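Here, each number is a calculation from the coordinates, and none is a lab measurement. Just so it is clear, the structure is predicted and the values come from calculations on it, not from any experiment. Here the Cβ is made from the backbone with ideal geometry for all residues, glycine too, and neighbour counts use every protein chain on show.
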């Protein structure tokens, strides 16, 4: 079992709709959760982080965390073509100074 | 203003010819990381420095070495590049080593091995 699992996609969403990206992790001790966006040929860009159960909103982005289910998600409202990218989920453990990345979900927003 | 800078952005080297990639940061972060990322794969952590303390991942080949002469700079040395080492190399920094410290990435260096 991979430490951080994501559906590789591609996930195709019409422009203006809500895109929902999901991630599960195996380490119950994980404390911090990150979502990175990566355009093709570019480096990952941090877009959201969440530490507590529940929802965290930032503009069109909402991160949702459920530690009991070991599940974290990212919702993108009013999807735009510029949101088309690979979204990497990353998880860390409080005792470690490193984060584990999932292999990413490729999101495509169709006009 | 760029906060994590990587040079060069593109590097072509010959099979077996040593190559050095560089990373610098203006964030004054304590931790610097080197990742290798191949197409459609997750970034793979090679090693990281917490200040001057070097932490190597167990599965990082001996062919990969790193130096951090000061807070701002960190280098990745590939002693004898093989064709399988062609990848994007990403440098990242974080303020602290605890789990709640976000990592910020440089633009990456695309390495080609001929």
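Structure values in brief
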item: Counting DSSP beta bridges with both ends in the protein assembly as shown, the antiparallel % (nearest 5); result: 90 percent
item: Extended-chain gain in nm, criterion 0.36 nm per residue less alpha-carbon gap, residue B:3 and residue B:15; result: 1.1 nm
item: Alpha-carbon centroid distance for the pair the stretch A:53-87 / the stretch B:15-92, whole angstrom; result: 30 Å
item: Fewest-first ranking of B:113, A:72, using other Cβ atoms within 10 Å as the exposure measure; result: B:113, A:72
item: The stretch A:62-111 shape via C-alpha gyration tensor axes, a/c threshold 1.5; result: prolate
item: Mean Cβ neighbour count within 10 Å, used as a protection proxy, ranking A:44-50, A:60-66 highest first; result: A:44-50, A:60-66
item: Considering only chain A, percent of DSSP beta bridges that pair antiparallel, nearest 5; result: 90 percent
item: Inter-chain Cβ neighbour average for residues B:104-111, partner chain, 10 Å; result: 3
item: Where N is the number of residues in the stretch A:35-78, Cα Rg divided by 2.2 N^0.38 Å; result: 1.24
item: Cα-based equivalent ellipsoid of the stretch B:72-114: semi-axis lengths in Å, sorted from largest, via gyration tensor; result: 26, 11, 9
item: Label-point gap, in nm, between residue B:83 and residue A:40 - each point 7 angstrom along Cα→Cβ; result: 2.5 nm
item: Scattering curve values for the protein assembly as shown, log₁₀ I(q)/I(0), Debye with Cα scatterers, q = 0.11, 0.14, 0.17, 0.18 Å⁻¹; result: -0.55, -0.88, -1.23, -1.33
item: Partner chain coverage, peptide B:44-51 - average Cβ within 10 angstrom; result: 1
item: Two-site FRET efficiency, residue B:26 against residue B:75, from Cβ-Cβ distance with R₀ of 22 Å, rounded to 0.05; result: 0.85
item: q = 0.18 Å⁻¹, chain B: log10 I(q)/I(0) [Debye, one scatterer per Cα]; result: -0.86
item: Length-normalised contact order of chain A in % [C-alpha pairs under 8 Å, at least 6 apart]; result: 38 percent
item: Of every Cα-Cα pair in the stretch A:12-111, the percent that sits beyond 19 Å; result: 39 percent
